[in-house]
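The structure appears below as C-alpha cells.
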Amino acid sequence: MKWFYDNAGVADGPHDDAVMAARVKGGVVGGRTLVWCADMAAWQETAALNPGWWQPSLPMPSAKSAPIIVARPQSATHRTPVPKAPSDTPPTAPAGGFLKRLFGFGKKG
C-alpha cells in the first residue's frame, strides 16, 4: 500500500509500508501525524488508524508510571486540516522589492 504523511503541511509520499516503518523509528512520523492512502476518504492520525507499520517508538505509559511528555517544535503546534498536495510547479516570486511593488519605484514612463 502507498502512504502519504503530513510533513509540515505538505503531503509527503507515496511511501510503502517499509519506508513508513522507518519514518516511525526515526521519529519523523508520530501518533498524531496525519496519514492517507488511496483507500481512505480523509486524512487520519496514525495512532487512530493503527496501520500495520505503526509501532510507537516510545513505550506506552502504564497506569502507575508518570506521563511521558514529548516536546514538540513550535511549528508543529499549528496544524492545517488537510495537508497540501505536492506540486511540480516551482513557486513564483514577485519581481522587485517591497517598495518597488508598493510604490512602483523604477517604472519607466
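Only the coordinates and a few stated rules stand behind these numbers; no lab work does. The shown structure was predicted, so the numbers you read here are calculated from the model rather than taken from an experiment. Every residue, glycine as well, gets a Cβ built from its backbone with ideal geometry; the counts of neighbours run over all protein chains shown.
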*Run the quick spin-label model on ALA41 and ASN7: label points 7 Å from Cα toward the beta carbon, then report their separation in nm to one decimal.*
2.9
*Which of rounded, prolate, oblate describes the range 1-54, given a ≥ b ≥ c as roots of the alpha-carbon gyration tensor eigenvalues and a/c under 1.5 marking rounded, otherwise prolate only if a/b is larger than b/c?*
rounded
*Sequence of MET20, MET1 once ranked by neighbouring C-beta atoms within 10 Å, starting from the fewest*: MET1, MET20
